[in-house]
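Accompanying notes for the structure given below.
FYI, it's all coordinate maths here, none of it is from the lab. Predicted model, so just to flag it, every value in this text is computed and none were measured. Every residue, glycine among them, receives a Cβ derived from its backbone with ideal geometry; neighbour counts consider all protein chains shown.
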Amino acid sequence: MQTLNAVRLAQELLLPKVSHARCIVDATAGNGKDTLFLAKNSPEHGTIYAFDIQENAIETSKKRLMEHNLDGKVQLILDSHANIRSYINKPIDVAMFNLGYLPGKCHETMTMVESTIRALTDVVSQLSVGGIISVVAYPGHHHGKEENDAVRNYTMTLQPKEFTVLCIDMINHLNHPPILYMIEKIKSESERSEEILKKT
């Protein structure tokens, strides 16, 4: 069994942060696997907001959570992750994005570049110091490549004194395997401004 894959690596790298996170976002609930991972491993006082535009994805996620008696920890939101600001106005500690389409369902419905970048930008702006975002992108088809390029270009604009960005690519696999991005906020903008002022 392959143990090194983008989704599993994202969970492993997020786990230490999830264990003491207060505000958590699953920006793409999908079949609920990431949502369940977050619910299982977050503290009792943590709140998880899981977004999806497909009603069957929300229902599948709800059923999966109920099977583990964890539905009380999660707010399942039938809406685009582009509207995260309408639901969350506090610092976000952990966020997960698993882009593309819902496995086993219609491939015509998938995440889109514009909404993905808007959501990612909003989550980055609300990320707490020490908070982490994972993004799994799928460049194996035309739209997925476009979306991956947009994510890569956006993350490259993040100030290195405020954020660290990690990119993991399976370089020996064929057919453009998933790519994992990890974004960690290491310093607030105000802290960076104070450092600049001290140097002047």
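The stretch between Asn69 and Ser188 holds 39.2 nm of extra length on full extension. This uses 0.36 nm per residue minus the Cα-Cα distance. Along the range 170-178 the Karplus relation, 6.51 cos²θ - 1.76 cosθ + 1.60 evaluated at θ = phi - 60°, assigns HN-Hα couplings of 7, 6, 9, 9, 8, 6, 6, x, x Hz to successive residues, with x for each Gly and Pro. Once the chain from Asn172 to Glu44 is taken as fully extended at 0.36 nm per residue, the excess over their C-alpha distance is 42.0 nm.
Between amide H atoms placed 1.01 Å from N, distances below 5 Å from Val25 occur with Tyr49, Val94, Ala95, Met96, all of them 5 or more places distant or on a separate chain. Dipole magnitude for the chain: about 400 debye, using +1 per Lys or Arg Cβ and -1 per Asp or Glu Cβ, origin at the Cα centre. Note on Ser86 and Val113: with the Förster distance fixed at 30 Å, the Cβ-Cβ geometry gives a FRET efficiency of about 0.90.
By the Kirkwood approach, averaging reciprocal distances over each pair of separate Cα atoms, the range 55-166 gets a hydrodynamic radius of 15.5 Å.
The region of the chain that goes longest without hitting one of the GluC sites (Glu not before Pro) in a DSSP loop, each with at most 14 other Cβ atoms within 10 Å, is 109-200. Residues in the range 35-51 carry Karplus couplings, in order, of 4, 5, 4, 5, 5, 5, 9, 8, x, 4, 7, x, 10, 10, 10, 10, 10 Hz; the curve used is 6.51 cos²θ - 1.76 cosθ + 1.60 with θ = phi - 60°, and Gly or Pro positions show x. Computed over the alpha-carbon pairs of the chain, the distance histogram in 5 Å steps reads 1, 7, 16, 20, 21, 16, 10, 5, 2, 1, 0, 0 percent, short to long.
Helix-only estimate, please: 222 nm mean residue ellipticity of the chain, summing -39500 (n - 2.57) across DSSP H runs of length 4 or more and dividing by its residues, to the nearest 500.
Computed ellipticity for the chain at 222 nm equals -11500 deg cm²/dmol.
If you run the Gaussian network model on the chain, springs between alpha carbon atoms under 10 Å, then out of Gly140, Gly131, Gly46 the most flexible one is Gly140.
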